[in-house]
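The values are calculated or read from the model by the stated rules, or taken from the named source; none is laboratory data. Since the structure is predicted, the reported quantities are computational estimates derived from the model, not experimental observations. All Cβ positions, glycine included, derive from the backbone under ideal geometry; neighbour counts span all protein chains shown. Calculation scope for accessible area: heavy atoms of the full protein, side chains included, ligands and nucleic acids excluded. Shrake-Rupley method; radii C 1.70, N 1.55, O 1.52, S 1.80 Å.
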Amino acid sequence: MKSHDIRKQFLQFFESKGHLIVPSAPIVLKDDPTLMFNNSGMAQFKEYFLGNAEPKSKRIADTQKCLRVSGKHNDLEDVGFDTYHHTMFEMLGNWSFGDYFKKDAINWAWELLTEVYKIPKENLYVSVFEGNPDENVPFDQEAWDIWKELIDEDRIILGNKKDNFWEMGDQGPCGPCSEIHVDLRSEEEKAKVSGKSLVNNDHPQVVEIWNNVFMEFNRKADGSLEKLPAQHVDTGMGFERLCMALQGKTSNYDTDVFTPLIEKVEQITGLNYTSNDVKNISEEQNKINIAIRVIVDHIRAVAFAIADGQLPSNTGAGYVIRRILRRAIRYGFTFLNTKEPFIYELVAVLSNQMGEFFPEIKSQQHLVTNVIREEEASFLRTLEQGLQLLENVVTETKGNEVSGAKVFELYDTFGFPKDLTALILKEKGFTYNEADFETELQKQKARSRAASEVTTDDWKILIDGNVETFVGYDQTENEVKITRIRKVDSKKDGVLYQIVLDATPFYPEGGGQVGDKGILVSANETIEIIDTKKENNLILHFAKQLPEKVEAGFVAKVNTDLRTSTSKNHSATHLMHLALRTILGTHVEQKGSLVHPNYLRFDFSHFSKVTDEEIRQVEAFVNQRIEEQLQLVEHRNIPIQQAMAQGAMALFGEKYGDTVRMIEFGNSKELCGGIHVKNTADIWHFKIISEGAVAAGIRRIEAITGDAVKDYYKNQENTLAELKETLKNPQDILKSVVSLQDDNAKLKKQIEQLLREKAKSLKGELASALQVINGIQFLAKQVDLNPEGAKDLAYELGNLGTNIFLVLATAEENKPMLTCYISKELVASHNLNAGQVVRELGKYIQGGGGGQPFFATAGGKNVGGIKEALERAVDYIK
Amino acid sequence: MKKFIIFLVFAGLTLSCNSNDDESSTISEPTILGKWYIKGGTLNGGEFQNYNHDCETSRDFQEFFENEELTFNGYNAECVLSNTQTSIWDLNGNILTVSSPPQDPMIYQYTYIVESLTNDELILKQTVNNPEGIVVYRSTFTRD
């Protein structure tokens, strides 16, 4: 059975059992502070298990892209060395959210494996949690009894907490589980050793294929367990292992999940991969096999992460992706002798294989290919550079042990991997001090930890259940109860409390709009809310202190002054977006937005300056719609297809649900969750206060509305009044300013003329001061001119002969400047260079400069150094 | 990668000093660091359009700094530097990412492909997705 069909049959089976089939969530997580990547099938359903949101259906099934490369579940360093560890893998799963429990889950698992996939029953073993008195969790009798109806008791194994109690992380949902294991060994091997004894013993052919988790508990920060509000089923079946079992292979890499990728690597490198059935291979071939397994595994992880929007980088999730790709490049470089980029060529194979179920890999194929090719090229250059640097380190090393700190520097600064360093050193008869390396590594980790330390307490639940709602579209004030609280202590913000309310009117930061501020008022106290944000579908109100009586009833009051100003700026942003697309063209795309009470900021694609005339047109367009008093038409829950059909603007790359909120003012229609005015007349007026580029092809406009515009015009009026007063209250201010400008221009011309005459008179004076030293007419002198005058004078004096060497200094407005002129003939005959002269003499005035060999200038900061600079000038001709 | 580029620049400078070159010596390895003046660009592969600088004597430019800052600088018609926006840059292979500085209240990240980087010229490719279709814009910058 082809892997494609195995995946399809799983989904069809659970669809027939009343499950809703949903697409895989992105592999990269953006709004979960506890996880970087989706590391299990259940991660996207976490909110449902925690009771923070309602699922679309109580029964769901999917195939989820997972990545286990950081934190508690980190398989990265194992990948390649065996036949079953992976970084990225698919997890087939079926889910019950407070619906069916152990009986149906176990029976369906058995039916699918033995009747649909037709795995012989005698090849299967199951395990049941034995219980853990220390944690007050009992033996799973219910699961045992259900299994007993399906399989011989001697095939049921009792498992301990390590194997049969599933936990997502240090905190979060968890529960006992029941695993299904398959024995893929030959009959001969089975006869020799019982499969039961090999379960959970890392035997490559006796492997777990399906884990049924019966989620009953929540693990708290202090390690204790609490009962979840409802019981759930969370199952996960490793797709790659299932394919191995169903395709009669003994290695995941021998299934058609990997063979097309392996064949491509073979074709590119000219090397052969040997399947797991081939025994007694050479050490050389084993290394080639490992390297190929590393590469075909890692390309999947990297390609899907990039397709889901996570580019390799030097921090966070991006750094993890870069490390995975670099590991693949390194294995290719070291064991497959690949010195040019080639891994990117596997993206097309992957896209063909998986594009049907994961369309993002097909739609992003071009980007993924480019990013990987560039990463490869860049790291291969690093490796070559590193080899040279390592050569230098070895040359400088006394004895045969290289400093661990040096190896760490290569690793940390240039990304040169330590195991490759060790390998190269070994070939040269050297080792490195591993303890020193480890010390440096730990020092760096400690620095990193200290910089980002955040301690988050457990939620203290005051009101149980999924009771939180948002009422802020209709109200700015509401009677509320606190449902949960927790303390967060961070280096950056200090101690803050996060408060969740049952029916909050506070808008959480989102869609570019800042979060609401306000107060919580009870009969006895008032708590200030300094910000509001959203996390895991919960609206968090940030306060510097907790109420004394958290169980009391409160009135939540949004600061309406700020809210009103923000809503004006938000609605104006929509109108301006339409204006820009109408006036500048449809190439305008919203790239970023900030909606603040005091102003709005809008980044958009546009490739030239927005002219003053265009700015006036945009302002007029928006103000016209304000004057038209357009009523807000809010479609709070409209199907997304309907909104798009009506011409709503959506943000590219944004993930929207099946139903969306659409905001409409006349022909401005946008998908938006923010707060808006009821009528455009409420905006009062719109004024652009700045326009400029923020990056190549991206312009930024900042604008104001409402009272901020009134303040703006008031300030302008004040400035005008001050100007009028300064000009002695003329009848016509503009005429008066133009007259001043004319006078200024005339005076400038007169000054220039005077300076020229002064320079002429100086020329005669200085010509007679020229000294002849070693046959060269020399002069070094400070002159009372501006730098331009000094330049003219130097040229005038230079015309007096062919052997002139001048250094003139000026100090206009206390800014020292040196000007050096050397006759071209002298430059040639005496190998002199004015540029070098001013650079060296410039040091005395704390500055520098340059120019041509016959003329150069240097500016500086220290007027006091002029004297010494002039005294040293003669040294050049002595 | 950035550290690597800086290393190359440093290595280039060191070589330059040691070989007693005159002031006309240049760093052989092209670097994105420093000032780049906006020249213009092409839209969807069409005719090259010059950028309209408001000031005749000072042109708008972007400047890449070693401390990861990128500034975009615009002059007004009076030739006063009237607009400077600061972001953070990262160059990884030929993928240039420009993102918001840590204290900025607005979070943004803009990505470009560096199509050409020589001592004199920088060409950045940008793709815009909008309902009317995909727009590809290439911005050209020069050193002088």
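Structural remarks
- Subset of the range B:84-95 that is at pLDDT below 90 and open to solvent by less than 20 Å² (accessible area, probe 1.4 Å) - its residue that is farthest from the other protein chains (Cβ to nearest Cβ): B:Leu91
- So A:Gly706, is it on the phi > 0 side of the Ramachandran plot, within 14 Å of another protein chain (Cβ to nearest Cβ) and either open to solvent by 10 Å² or more (accessible area, probe 1.4 Å) or in contact (Cβ under 8 Å) with a residue 12 or more places away in the chain (or both): no
- The criterion of at least 2 residues that are within 28 Å of B:Gly46 (Cα to Cα) and among the charged types (D, E, K, R) is met, among strands (runs of 3 or more DSSP E) falling completely within the range B:56-144, by B:121-130.
- The one condition in (1) free of Cβ contacts under 8 Å to residues at least 60 places away in the same chain; (2) in contact with a helix residue (DSSP H, G or I) (Cβ under 9 Å, 6 or more places away or on another chain); (3) within 30 Å of A:Glu142 (Cβ to Cβ) that A:Met237 fails to fulfil: (1)
- In the range B:114-131, of all residues being facing chain A (nearest Cβ under 7 Å) and under 18 Å from B:Asp90 (Cα atoms), the one that is modelled with the highest pLDDT corresponds to B:Leu124.
- Any chance A:Leu546 is modelled with pLDDT of 95 or more, of a type in the set (A, V, I, L, M) and touching a Phe, Trp or Tyr at 6+ places or on another chain (Cβ under 7 Å): no
- Exactly one residue among A:Glu391, A:Glu360 is modelled with pLDDT under 90, assigned to a helix (DSSP H, G or I) and within 26 Å of the chain's Cα centre (by Cα), and that residue is A:Glu360.
- Test: residue in the range A:10-17 that is modelled with pLDDT under 95 and more than 21 Å from the chain's Cα centre (by Cα): no
- Yes/no for A:Ile290 being more than 30 Å from the chain's Cα centre (by Cα) and buried (at least 16 other Cβ atoms within 10 Å of the Cβ): yes
- Single residue of the range A:573-630 satisfying the filter (within 14 Å of chain B (Cβ to nearest Cβ) and of a type in the set (Lys, Arg)) that is farthest from A:Ser668 (Cα to Cα): A:Lys609
- A:Val116 being surrounded by fewer than 20 Cβ atoms within 10 Å (Cβ to Cβ), under 28 Å from A:Phe81 (Cβ atoms) and of a type in the set (A, V, I, L, M): no
- Considering residues of the range A:394-433 that are part of a helix (DSSP H, G or I), away from chain B (no Cβ under 14 Å) and of a type in the set (A, V, I, L, M) only, the residue farthest from the chain's Cα centre (by Cα): A:Val394
- Looking only at the range A:647-663, and only at residues there that are more than 14 Å from every other protein chain (Cβ to nearest Cβ) and modelled with pLDDT of 90 or more, the one that is most open to solvent (accessible area, probe 1.4 Å): A:Arg661
- A:Ile663 vs. criteria touching a strand residue (DSSP E or B) at 6+ places or on another chain (Cβ under 9 Å), among the β-branched types (Val, Ile, Thr) and closer than 22 Å to A:Gln475 by Cα: yes
- When the range A:625-646 is filtered for residues that are surrounded by 13 or more Cβ atoms within 10 Å (Cβ to Cβ) and modelled with pLDDT under 90, the ones remaining, listed by number, are A:Ile640, A:Met644.
- The residue of the range A:507-555 that is least open to solvent (accessible area, probe 1.4 Å), among those that are of a type in the set (A, V, I, L, M, F, W, C) and assigned to a loop (DSSP other than H, G, I, E, B), is A:Val550.
- If the condition is being out of contact with any Gly (no Cβ under 8 Å at 6 or more places or on another chain) and of a type in the set (Gly, Ala, Ser), then the range A:227-266 contributes A:Gly238, A:Ala245, A:Gly248, A:Ser251.
- The range B:28-83, residues that are under 30 Å from B:Gln103 (Cα atoms), in contact (Cβ under 8 Å) with a residue 60 or more places away in the chain, open to solvent by 70 Å² or more (accessible area, probe 1.4 Å) and not basic (Lys, Arg): B:Glu66, B:Glu68
- Looking across the range A:234-248, the residues that are at negative phi and over 33 Å from the mean Cα position of the chain (by Cα) come down to A:Leu242, A:Cys243, A:Met244, A:Ala245, A:Leu246, A:Gln247.
- Check on A:Ser668, away from every other protein chain (no Cβ under 11 Å) and open to solvent by less than 10 Å² (accessible area, probe 1.4 Å): yes
- Among the residues of the range A:371-382, those identified as open to solvent by 30 Å² or more (accessible area, probe 1.4 Å) and more than 7 Å from chain B (Cβ to nearest Cβ) are A:Arg373, A:Arg381.
- Residue list for the range A:599-624, restricted to those being crowded, with 20+ Cβ neighbours inside 10 Å, at pLDDT 95 or above and of a type in the set (A, V, I, L, M, F, W, C): A:Leu600, A:Phe602, A:Val618, A:Val622
- The set of residues in the range A:730-763 that are farther than 30 Å from A:Leu797 by Cα and open to solvent by 100 Å² or more (accessible area, probe 1.4 Å) comprises A:Gln731, A:Leu734, A:Lys735, A:Gln741.
- Residues in the range A:293-315 that are away from chain B (no Cβ under 13 Å) and at positive phi: 0 in all.
- Residue match in the range A:685-692 (condition: buried (at least 17 other Cβ atoms within 10 Å of the Cβ), β-branched (Val, Ile, Thr), away from chain B (no Cβ under 14 Å) and within 25 Å of A:Thr564 (Cβ to Cβ)): no
- Residues being in a strand (DSSP E or B) and more than 15 Å from A:Pro853 (Cα to Cα) - total across the range A:776-831: 11
- Restricting attention to the range B:128-144, the residues being in contact with a helix residue (DSSP H, G or I) (Cβ under 9 Å, 6 or more places away or on another chain) and either open to solvent by less than 30 Å² (accessible area, probe 1.4 Å) or of a type in the set (S, T, N, Q) (or both) number 1.
- Restricting the range A:276-287 to residues that are closer than 15 Å to A:Thr83 by Cβ and assigned to a loop (DSSP other than H, G, I, E, B), the residue that is least open to solvent (accessible area, probe 1.4 Å): A:Asn276
- Of all residues in the range A:352-368, those satisfying the criterion of being touching a residue at least 24 places away in the same chain (Cβ under 8 Å) and open to solvent by less than 30 Å² (accessible area, probe 1.4 Å) are A:Phe358, A:Ile361, A:Val368.
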